[in-house]
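The values are calculated or read from the model by the stated rules, or taken from the named source; none is laboratory data. In this text, all values refer to a predicted model and were calculated from it rather than measured experimentally. All Cβ positions, even for glycine, are placed from backbone atoms using ideal geometry, and neighbour counts span all protein chains on display. To get the accessible areas, we keep the full protein, side chains included, count just its heavy atoms, and leave off ligands, DNA and RNA. Shrake-Rupley method; radii C 1.70, N 1.55, O 1.52, S 1.80 Å.
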Amino acid sequence: MTSSSTIEDEQSRPPDTDVTGEGSRQEGTRRYTRSPEDILHLLTYLVATLALAALTRWAQDSVVGFEEDLIGMLGFLSPTVERVLKGTVEIIAVLVVLGLYLIPLITRRYRLFGYIFLSSLIAAALMALAQKFVDRDASEMIVNEIADRAGLDAATTIDASFIASMSAAFVAVAPFVSRRWRRFGVALITVMTFVTVVVSSKLPADAFLALPLGAVCGALVLIIFGRPDRRPTLDAIGFALADAGLHTTEVRQAKVDARGSTPYFATLDDGSGLFVKVLGPQERAADLLFRVYRFFRFKNVGDDRPFSSLRRTIEHEALVALLARDIGVHTPRMRAVVDVGSDSMLLAYDMVDGVSLDGLADDAVTDDLMNQIWYQVGQLRRHRIAHRDLRRANVFVGDDSVPWMIDFGFSEVAVPDEILDADVAQLLVSLGVVVGAQRAVVSAVDVLGTDAVGDALPRLQTKALSGATQTALKEHPGLLEELRNEVIERCGVEKVEYVQLERASRNTIITVVALVLATYFLFPQLADIPGIVTQVKDANWAWTPAIILASAMTYIAASMSLAGAIPERLQVGPLVTASFGSSFASKLAPAGLGGMALNMRFLQKQGIDKTVAASGIGLNTIAGLVGHVTLVGVFIVWAGRDAFGSFRLPDPKYFVIGIAVVAVFALISLAVPATRRMLRDKLVPIIARAFDGVTDVLRRPSKVVLLLGGSMLVTLAYLTTLYFSVEAFGGGLPFATVGAVFLVGSAVAQAAPTPGGLGAVEAALIAGLVAAGLDNTVAVPAVFLYRLFTFWIPILPGWLCFQWLERHEYL
């Protein structure tokens, strides 16, 4: 979970440093590491920042009410006291800033100076952007209060940007200083924020937003450039073991797979060995991140709440290890649990002479060895202890071929049967990748019995396995299915219902995101449904069948166009359903990106090569553009100057300038050898495969007809729908004029950043129809009727088609 660049020998790493320079050493002799602590802090601060920004922007009434109450409570100071308080804190703030910047320079700790400067600069800039994003006005009460404070200097040093900068600096400097200085920093920034609210002429909510935003910047700098590594030195580990009565002659870092801890080997003065696990704040932060990820991703996997402290975590592992050994499980004897350093602890076990199962030759995994392993698992099951990490690295085989169970860091006691079954499923796969499905299942059945192995079948799925086991499983395609079939046959399982382990599957995430986007973009329009109904209620509904038929034809035409863009033959039913589904997806992202993504996924599930599918979608888009431009020219000529009397093309020089800029950047890029190599090795093969797919399409007249004909038919169907909608209100414009208005208006509306051109399409079409001579009282309801049948009503069938495609694995 950490990556670091070692600049000094492991044993010469300083145990602690602080900003005061006490015990400081040259910058070049420190070891820096990217810690999970900073990732955890960043996520926490980021959530707080986004929540406060969202509340301040979109819940302004509540925020203003809170500010009024707060200012009312704190408005008890006299102007003189306010000035004294403000001046005192500003003097302290100036001294702190000078100290933050001067002490690192005086002590030649330039890296620390860079951390402080960079984090403060980024925080000030982001705070300015955040204030623009919030963009709100104060209430009359707050304005009056600020006016009462007019005697104070409005350009106060301690404003929101200053608080953000100080918050960032204190977070960035925290790993370099002692706990006492960190507490002083927290107290100081708290006082500054309080004073800002009491005496500043700025809005209080900005000060509260500045705190987490600045902390985000400080944590980000630490993630990018690293923090001082505070893990215990080898000498410190040796001293800690000696305090527990274990005198060592050597301590060295172990290059073994020990998830959740830092492993070491130690040699005692009697020649025996120890395996030492050290856990500190980094490992605890990594464990919390892991648990948070699993909480949002999975359910029914047996994860308990994280322990309240590192000590409780260590004590729990020690308890399980002692309990497992007491019931007869072959696990190394625990020799010590002891503090090491200021904030770490270690567990020491007797060394096992041997090798882990993942380092053992496949032919050395005999049936007798597997039976012994399953016996150990049976012992744990009988006492309701779940190991929960039975990957091959945690099954050790001694020199006498006796298996050992190690690493109870993720274990739980008194667990239900489902979690015990997960251990069986995990070990089945771990052994299966070595000996095959049949031998693994036969051994498990012989030792545990058919009931225990059969009950594990619902958890015999990829999501129930550890990351290492999943990686090993990828090298044996089809093994998981073989294991399932073997268990079904040997245990007589008649019906299998696999446990739902994903709390948020990919499909669930897509659905939730779709609903959020639909709510955000469509709700403002839905709020005006009564107005829309009022506008269209006087329509001649005899035109409804024609409008529905023309609207439905757009989906048939889209299916034809997509079928023409792909060399392979596609199934008609799913293809048309995908067209309806893509219309729904297109309403969730601007420029039709949602529909493109759905079509891409649909084609890949149909067995189309990814590159060919992408080129087909691109070809389909180009064909639609060509068809649209062609029809624009045809209908403008057909309609004549009556359609757009004042219509003018843009100045051609802007197109020339744009092409020239693109050409210059392309030439500069091609001058770089790395760019040319990337184009030759990666881009050219992709283009070649895409060109092959396009060539296959263009060589077949039937495909070209489907592609171009479908593309033009889509546009014609839409403009026909608009024409019928105009006729439903009495008409008044020729078909050619309505077509010209639609083609130009829809092209302009495509630049809108809203899904389906929401709002922009309506405005462009209404403006175009009115400019063409249609009365406003007819143009407005006609366009809303058109959008009703082409945008709003298709949402439900489009969503149903989207769900059908997912259920039948077409997506």
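Tabulated results
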| item | result |
| --- | --- |
| Criterion (under 24 Å from C801 (Cβ atoms) and either modelled with pLDDT of 75 or more or part of a helix (DSSP H, G or I) (or both)) met by exactly one of L625, L575 | L575 |
| In region 797-811, the residues that are modelled with pLDDT of 75 or more and either surrounded by fewer than 16 Cβ atoms within 10 Å (Cβ to Cβ) or part of a helix (DSSP H, G or I) (or both) | P797, G798, W799, L800, C801, F802, Q803, W804, L805, E806, R807, H808 |
| Residue selected from region 786-796 under the condition assigned to a helix (DSSP H, G or I) and open to solvent by less than 80 Å² (accessible area, probe 1.4 Å), by the criterion nearest to F724 (Cα to Cα) | Y786 |
| Pairs where the first residue, in region 314-332, is free of Cβ contacts under 8 Å to residues at least 24 places away in the same chain and among the charged types (D, E, K, R) and the second is in a loop (DSSP other than H, G, I, E, B) and open to solvent by less than 60 Å² (accessible area, probe 1.4 Å), C-beta under 8 Å, 6+ apart | R325/T331 |
| Qualifying residue in region 387-394 (condition: in contact (Cβ under 8 Å) with a residue 40 or more places away in the chain, open to solvent by 10 Å² or more (accessible area, probe 1.4 Å) and of a type in the set (D, E)) | no |
| Condition check for D400: more than 32 Å from the chain's Cα centre (by Cα) and part of a loop (DSSP other than H, G, I, E, B) | yes |
| Residue pairs meeting the criteria (Cβ under 8 Å; at least 6 apart or on separate chains; first acidic (D, E), in region 715-730; second open to solvent by 10 Å² or more (accessible area, probe 1.4 Å)) | E727/N540; E727/W543 |
| Selection status of A210, out of contact with any Leu (no Cβ under 9 Å at 6 or more places or on another chain), in contact (Cβ under 8 Å) with a residue 60 or more places away in the chain and closer than 28 Å to L55 by Cα | yes |
| Filter pass, A771 being at pLDDT below 75 and open to solvent by 20 Å² or more (accessible area, probe 1.4 Å) | no |
| Any hit, region 140-160, residues being open to solvent by 30 Å² or more (accessible area, probe 1.4 Å), modelled with pLDDT of 85 or more and assigned to a helix (DSSP H, G or I) | no |
| Residue within region 456-467 that is surrounded by fewer than 23 Cβ atoms within 10 Å (Cβ to Cβ) and more than 34 Å from the chain's Cα centre (by Cα) present | no |
| Options V415, V442, V402, V397; residue that is of a type in the set (A, V, I, L, M), closer than 22 Å to I488 by Cα and surrounded by fewer than 24 Cβ atoms within 10 Å (Cβ to Cβ) | V442 |
| Tally of residues being open to solvent by less than 40 Å² (accessible area, probe 1.4 Å) and within 25 Å of P228 (Cα to Cα) across region 270-284 | 7 |
| Tabulated pairs, region 111-127, first among the aromatic types (F, W, Y), second open to solvent by 60 Å² or more (accessible area, probe 1.4 Å) and assigned to a helix (DSSP H, G or I), C-beta under 6 angstrom, 6+ apart or interchain | F113/L105 |
| Matching strands (runs of 3 or more DSSP E) fully within region 312-395 where at least 2 residues are closer than 18 Å to P263 by Cβ and among the hydroxyl-bearing types (S, T, Y) | 344-350 |
| Residues satisfying the stated conditions in region 227-269, i.e. under 18 Å from A285 (Cα atoms), of a type outside the set (G, A, S) and open to solvent by less than 40 Å² (accessible area, probe 1.4 Å) | R227, P228, D229, R231, P232, T262, P263 |
| Matching residues in region 472-506 - criterion: being open to solvent by less than 90 Å² (accessible area, probe 1.4 Å), touching a residue at least 40 places away in the same chain (Cβ under 8 Å) and closer than 13 Å to V429 by Cβ | A472, L473, H476, L479, L480, L483, E486, V487 |
| Residue check for V612: of a type outside the set (D, E), at pLDDT 80 or above and open to solvent by 20 Å² or more (accessible area, probe 1.4 Å) | no |
| Unmet criterion (only one of (1) open to solvent by 90 Å² or more (accessible area, probe 1.4 Å); (2) at pLDDT 75 or above; (3) more than 21 Å from L575 (Cβ to Cβ)) for L631 | (1) |
| Subset of region 285-302 [of a type in the set (D, E, K, R) and surrounded by fewer than 21 Cβ atoms within 10 Å (Cβ to Cβ)] | R291, R294, R297, K299 |
| Residue list for region 265-291, restricted to those being touching a residue at least 40 places away in the same chain (Cβ under 8 Å) and either among the acidic types (D, E) or assigned to a helix (DSSP H, G or I) (or both) | P281, Q282, E283, A285, A286, L288, L289 |
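Condition check ((1) in a helix (DSSP H, G or I); (2) among the small types (G, A, S); (3) touching a strand residue (DSSP E or B) at 6+ places or on another chain (Cβ under 7 Å); (4) crowded, with 16+ Cβ neighbours inside 10 Å) across all residues:
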residue: V94; (1), (2), (3), (4): yes, no, no, no
residue: L98; (1), (2), (3), (4): yes, no, no, no
residue: I116; (1), (2), (3), (4): yes, no, no, yes
residue: S119; (1), (2), (3), (4): yes, yes, no, yes
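For every residue, the table says whether it meets (1) at pLDDT 85 or above; (2) of a type in the set (A, V, I, L, M); (3) open to solvent by 70 Å² or more (accessible area, probe 1.4 Å); (4) in contact with a strand residue (DSSP E or B) (Cβ under 8 Å, 6 or more places away or on another chain).
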residue: Q26; (1), (2), (3), (4): no, no, yes, no
residue: R31; (1), (2), (3), (4): no, no, no, yes
residue: P36; (1), (2), (3), (4): yes, no, no, no
residue: L42; (1), (2), (3), (4): yes, yes, no, no
residue: A48; (1), (2), (3), (4): yes, yes, no, no
residue: A51; (1), (2), (3), (4): yes, yes, no, no
residue: S62; (1), (2), (3), (4): no, no, yes, no
